[in-house]
Amino acid sequence: MSVKDFVQKRREALIELRRDFHKYPETAWLEYRSAAKIAATLISLGYDVALGEEVLDLDSRMGLPSKDVMSAAMARAIDEGANPELVEKLGFGKTAIVATMKFSDQGPVVAFRVDMDSNDVIESKESDHAPVKGGYRSCHDKAMHACGHDAHMAMGLGLAEYVAEHKDQFKGTLKLIFQPAEEGVRGAKAMVNAGVVDDVDYMFGLHIGFNENYANCFACSNHGFLATTKLDAVFHGYAAHAGSSPEKAKNAMLAGCTAVLNLQAIARHGKGASRMNVGIFESGTGRNVTPDTAVLKLETRGGATTEINDYVIGRAETIIKAAAEMHDCSYEITKQGETPSCRMSDELAPEIQSIIKPLGIFRDVPLDYSGGGSEDCAYFLNRVISRGGMGTYMLVGSAIKAPHHNPLFDIDEEDMLNGVIALGTIAAHYLK
């Protein structure tokens, strides 16, 4: 059976799978229901499935929620039908899966990476929003698949099922990597440090959506990703009555304000293009109380190289320290996520083009995608390429009506189905 015929046969099931993931979104490190559902499906298809601490370097995880939050999410996943034994193995920030199917001793190891986490976005309730009309709007508070990872999971399982049904046609080994915590670039590093791609010859990442320029197209990125780091900075001062005894206070808000003004100016340097943004500033408990705590949440993006990003981070740490000292406060900095810059294997783009074009399901546009952005798939790609393998990041274009991370974000499910056809075709090519 051709990939097109397989997808047509499984059309309604794949759409329903995506909508199920959409209805039950789970944020970084809390993907218990999603991961348990994926693991159970892969086991039933005959894959060798490793999960949890088998495929994670636990010390490399970043930005874990509190134990209480994780416990509540585990209990919720079980209440929503997840296998309790699988949830236990995935529990407390171990929501990672690697499924392997070996077809022969000879042949390459081909890996596809799929991210699973949702955003901390409250989904729109507007009546014309497709998930509202279709009855699959998020049922979880402050969680929404506003970046297409629900479709990624459905596409990954569609690929898994197609390959399992046609395993006699392939050589080599297929690895399907289901990664937690992509949002905030937190999860890939822990999987790579556990060695999950150290035997991989071809590494593929993917994403759906983007903008109208890439609707109904399939593109490869060979311009790489920007390096990025996510930091939380907390200033600790001393509270006092702002009217009667301000001289006794140590004003953490002033320290935070001083830091914000200077952090925003970091990008004006001569090292190369970079970005710095303070997205959250929280401080204060009352109008007549000098604030004793200020919290900054910031992100850097360091142009084309990790070195530029490292420079920006160094300047940020200097500014935060100086702001604290200026206002007689203490401070702490916590890294919540990071990823290096990377480039793709340029020679893969024309190969992918020659594989995809004959399908006749994508409009004829230049295959190369030159957009920026950061993605912790860079960890996988860098490791594979540094060991002599090849890798690229692929874009399944979809005519999205609202931008990624927006409460109205949605995809065209026809594009998702075409994405499964493309992935199955690529897998068949490299596993022939």
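Determine, for each peptide in 375-384, 318-327, the mean count of other beta carbons within 10 angstrom over its residues, then list the peptides with the highest first. Write down the numbers at each step before the final one.
Details: 375-384: 25.8, 318-327: 18.1.
Ranked by mean Cβ neighbours within 10 Å, highest first: 375-384, 318-327.
Using +1 at the Cβ of each Lys and Arg and -1 at the Cβ of each Asp and Glu in the chain, identify which of Gly134, Gly314, Ala50 lies farthest towards the dipole's positive end.
Gly314
Where does segment 1-110 land on Rg/Rh, using Cα atoms and the Kirkwood Rh?
Working: Rg = 16.0 Å, Rh = 15.5 Å.
Using Cα coordinates only, the ratio equals 1.03.
Taking the Cα centre of segment 158-268 as origin, work out the dipole magnitude from +1 charges on Lys and Arg Cβ and -1 charges on Asp and Glu Cβ, in debye rounded to 20. If you can, show how the numbers build up before the last one.
Values: 9 positive and 11 negative charges, 123 e Å.
So the magnitude is around 600 debye.
What Kirkwood hydrodynamic radius do you get for the chain when you take the inverse of the mean 1/r over all pairs of distinct Cα atoms, in Å? Could the numbers behind the result be given before it?
Values: mean 1/r = 0.0439 Å⁻¹.
So the Kirkwood estimate lands at 22.8 Å.
Starting from the Kirkwood radius over alpha-carbon pairs of segment 74-133, derive D by Stokes-Einstein at 25 °C in a medium of 0.890 mPa s and give it in µm² s⁻¹. Display every interim value, and only then the final one.
Values: Rh = 15.7 Å.
Approximately 156 µm²/s, per Stokes-Einstein.
Just to make sure I understand: if all protein chains stay in place, what is the order of Val87, Val260 by accessible area at 1.4 Å, largest first? Don't skip to the end; give the middle numbers.
Working: Val87 0, Val260 30 Å².
Reading off the accessible areas and sorting them downward yields Val260, Val87.
In whole Å, what are the extents of segment 258-417 along the principal axes defined by its C-alpha atoms, from largest to smallest?
Here the spans come out as 68, 39, 25 Å, largest first.
Take the residue pairs Lys125/Lys401; Lys297/Lys321; Lys23/Lys297 and return only those whose Cα atoms are more than 18 Å apart. Please list the in-between numbers first.
Numbers: Lys125/Lys401 15 Å; Lys297/Lys321 15 Å; Lys23/Lys297 29 Å.
Where the Cα-Cα span goes over 18 Å, the pairs concerned are Lys23/Lys297.
Which of the peptides 409-422, 46-59 is most tightly packed, and how do the rest follow, going by the mean number of other Cβ atoms within 10 Å of each residue?
Working: 409-422: 22.6, 46-59: 17.1.
The most tightly packed comes first, giving 409-422, 46-59.
Among Ile352, His405, Gln336, whose Cα projects farthest towards the positive end of the dipole of segment 322-416, with charges put on the beta-carbon of Lys, Arg (+1) and Asp, Glu (-1)?
The listed residue farthest towards the positive side: Ile352.
To the nearest 20 Debye, how big is the dipole of the chain about its Cα centre, given +1 on the beta carbon of each Lys and Arg and -1 on that of each Asp and Glu? If you can, show how the numbers build up before the last one.
Numbers: 44 positive and 58 negative charges, 87 e Å.
About 420 debye.
Full-extension gain between Asp199 and Ile122, please, as 0.36 nm times their residue separation minus the C-alpha to C-alpha distance. Let's see the in-between values first.
Values: separation 77, 0.36 × 77 = 27.72 nm, distance 3.99 nm.
Answer, rounded to one decimal: 23.7 nm.
Ordered by residue, what ³J(HN,Hα) values in Hz, to whole numbers, does segment 342-353 give under the Karplus form 6.51 cos²θ - 1.76 cosθ + 1.60, where θ = phi - 60° and Gly and Pro are x?
Karplus values, whole Hz, x for Gly and Pro: 7, 10, 9, 7, 4, 5, 6, 4, x, 5, 4, 4.
Could you work out the pair-distance distribution P(r) of segment 238-337 from its alpha-carbon pairs, with 5 angstrom bin width and percents rounded to whole numbers?
P(r) for segment 238-337, in whole percents per bin: 2, 13, 22, 21, 15, 11, 7, 4, 3, 1, 0.
What aspartates and glutamates could a cross-link reach from Lys171, if we take a straight Cα to Cα line under 17 Å and drop same-chain neighbours fewer than 8 places away?
Asp48, Asp105, Glu161, Asp199, Asp201
With the dipole of segment 134-239 worked out from charges on the C-beta (+1 for Lys and Arg, -1 for Asp and Glu) around the Cα centre, which of His145, Leu174, Leu206 lies farthest toward the positive end?
Of His145, Leu174, Leu206, it is His145.
May I have the pair-distance distribution P(r) for segment 175-308, computed from all Cα-Cα distances with 10 Å bins from 0 and rounded to whole percent?
In order of increasing distance, the bins hold 10, 25, 27, 20, 12, 6, 1 percent.
About the Cα centre, and with charges only on the beta carbon of Lys, Arg (+1) and Asp, Glu (-1), how big is the dipole of segment 33-152? Nearest 20 debye, please. Intermediate results must be reported in sequence, preceding the final value.
Numbers: 13 positive and 19 negative charges, 40 e Å.
The calculation lands at about 200 debye.
Compute the separation of the alpha-carbon centres of segment 378-432 and segment 1-31 and state it in Å as a whole number.
Cα centroid to Cα centroid, the span is 14 Å.
In nm, to one decimal, how far is the Ser2 label point from the Ile280 one, both placed 7 Å along Cα→Cβ?
According to this spin-label approximation, the distance is 4.9 nm.
The values are calculated or read from the model by the stated rules, or taken from the named source; none is laboratory data. Treat the numbers as computed from the prediction; the structure is a model and nothing was measured. Because the Cβ atoms are built from the backbone with ideal geometry, glycine has one as well, and the counts that use them run over all protein chains shown. Ligands, DNA and RNA are stripped out before the accessible areas are found, and what is left, the full protein with its side chains, is counted by its heavy atoms. Shrake-Rupley method; radii C 1.70, N 1.55, O 1.52, S 1.80 Å.
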